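For reference, the structure discussed in these notes is given below.
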There are 2 protein chains.
Amino acid sequence: MDLAGDIARDVLERIRRSKVAVPVGISSKHVHLSAQHWDLLFGRDVKPTSLRQLRQPGYFACHETVDIEGPKGRINGVRLIAPHRPATQVELSRSDAFALGLKPPVAGSGKLGGAAPIKIYGPKGSVEAKEGVIIPMRHLHLSPDEGKALGLKTGDVVRMRAGLGGPRELVFEQVLVRVSPEFALEFHVDSDEANAAWLKNGDFVHIT
Amino acid sequence: MDLAGDIARDVLERIRRSKVAVPVGISSKHVHLSAQHWDLLFGRDVKPTSLRQLRQPGYFACHETVDIEGPKGRINGVRLIAPHRPATQVELSRSDAFALGLKPPVAGSGKLGGAAPIKIYGPKGSVEAKEGVIIPMRHLHLSPDEGKALGLKTGDVVRMRAGLGGPRELVFEQVLVRVSPEFALEFHVDSDEANAAWLKNGDFVHIT
């Protein structure tokens with residue numbers, strides 16, 4: 001065992017990682033619908049239409065929006081993201097959730113156990129998603145090539161320095177890494193996190 | 001010069017500081033009025049009345065509220081803080097500012113050069129604060145005794161670890177220290193910063 005060599009390699013890898021400029025993607029509030037809920041809200045005979053492609057391959061923001069309602073309030077015109085998901089998932093910031101009177105958990109996408117209930121209204125009807133609302137857990141997306149270059153794999157945990165040079169620099173601890181052929185290098189935060197660090201879409205952050 | 005002794009003392013001081021539990025005070029949106037603006041909005045013959053004392057001695061949240069308006073929206077029922085200030089100061093989160101169509105700077109209290117303009121409505125009239133809106137810069141308040149105990153003085157810069165054990169731990173960099181007989185130990189953040197770190201009023205953070 002060459003302890004000094006191991007440490008030197010680790011330090012070099014950390015320095016190398018810290019030089020990579022990682023673009024920020026801010027999750028504004030949005031809704032993924034199941035095919036069944038889409039049919040009830042918009043009708044079986046129509047399909048979602050693309051407003052713009054998202055950075056993650058195959059995903060698009062739709063022209064279509066829905067209204068959402070909790071015990072204390074309602075937000076109209078919330079953007080849909082396609083394609084459909086196996087289960088309807090509403091992603092809000094904590095600020096939005098407070099305004100609706102909801103206390104959703106921070107959770108990874110698709111982890112809907114314990115998610116908060118919400119009513120959703122579309123042009124053709126309404127549905128209730130009983131476990132529908134989460135606050136998205138921040139995470140770092142990488143393609144397999146990017147993961148290999150940075151020595152990172154799914155499940156690794158890193159720290160991200162954000163807002164460097166701005167008035168509100170901070171370090172996000174315990175950022176989960178996800179590697180997939182469907183992903184491109186991007187650090188995903190919600191709007192509260194972006195505002196706290198004074199970030200806008202496409203700003204750069206660094207692994208630290 | 002005893003370098004090893006200096007380093008040892010510095011490390012011990014840092015360890016000691018890191019053990020102090022600092023309560024969080026979250027600045028929700030609020031308004032400080034000048035006496036002149038109070039008179040125009042509420043009338044010369046009435047005085048603000050206390051809804052509750054704040055942690056900072058002598059300050060109180062008022063029963064009275066105002067409505068505020070920017071180019072893109074309006075927020076009704078924004079709480080007043082008394083006593084009056086030499087100049088009217090509206091403190092918003094970046095989320096709130098975006099909703100109103102404003103781009104105020106992050107600034108320390110009273111630093112209104114470059115602050116954003118806003119209209120304010122009260123029961124007796126309205127005023128425009130031409131340089132009125134800031135996003136409050138996070139800071140650590142200490143009494144002189146607390147400052148002495150922690151080896152900190154006004155103008156020092158520390159890092160605060162927040163949200164430890166929660167789902168969104170982070171480290172706020174470049175936190176300004178302010179020491180005054182009017183202050184009590186408290187770390188002040190705005191609602192975006194509180195939501196990013198999953199904090200509520202009275203939670204504890206640590207100098208790190």
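Filtered by the rule that a residue be surrounded by 24 or more Cβ atoms within 10 Å (Cβ to Cβ), under 18 Å from B:Gly108 (Cβ atoms) and in contact (Cβ under 8 Å) with a residue 60 or more places away in the chain, segment B:162-192 gives B:Phe187, B:Val189, B:Asp190, B:Asp192. Could you look through segment A:58-76, keep only residues that are over 15 Å from A:Ser34 (Cα atoms) and acidic (Asp, Glu), and pick out the one that is most open to solvent (accessible area, probe 1.4 Å)? The residue in question is A:Glu69. Just a yes or no: is a residue in segment A:77-98 more than 14 Å from chain B (Cβ to nearest Cβ), free of Cβ contacts under 8 Å to residues at least 40 places away in the same chain, more than 15 Å from the chain's Cα centre (by Cα) and open to solvent by 50 Å² or more (accessible area, probe 1.4 Å)? Yes, segment A:77-98 has at least one match. Evaluation of A:Leu102 against the conditions (1) open to solvent by less than 50 Å² (accessible area, probe 1.4 Å); (2) more than 30 Å from A:Val46 (Cβ to Cβ); (3) touching a strand residue (DSSP E or B) at 6+ places or on another chain (Cβ under 7 Å) shows that the sole unmet condition is (2). Taken together, B:Ala21, B:Ala35, B:Ala8 contain a single residue that is free of Cβ contacts under 8 Å to residues at least 12 places away in the same chain, open to solvent by 30 Å² or more (accessible area, probe 1.4 Å) and not acidic (Asp, Glu), which is B:Ala8.
Of the numbered criteria (1) over 15 Å from A:Arg17 (Cβ atoms); (2) touching a helix residue (DSSP H, G or I) at 6+ places or on another chain (Cβ under 7 Å); (3) open to solvent by 50 Å² or more (accessible area, probe 1.4 Å), the one A:Trp198 fails is (2). Considered as a group, the residues in segment A:125-156 that are among the charged types (D, E, K, R) and surrounded by fewer than 16 Cβ atoms within 10 Å (Cβ to Cβ) include one that is farthest from A:Val22 (Cα to Cα), and that residue is A:Glu128.
The values are calculated or read from the model by the stated rules, or taken from the named source; none is laboratory data. Not measured: the values here are computed from a predicted model. Cβ atoms come from the backbone with ideal geometry, glycine included; neighbour counts cover every protein chain shown. Accessible surface is based on the protein model in full, side chains and every heavy atom, while ligands, DNA and RNA are left aside. Shrake-Rupley method; radii C 1.70, N 1.55, O 1.52, S 1.80 Å.
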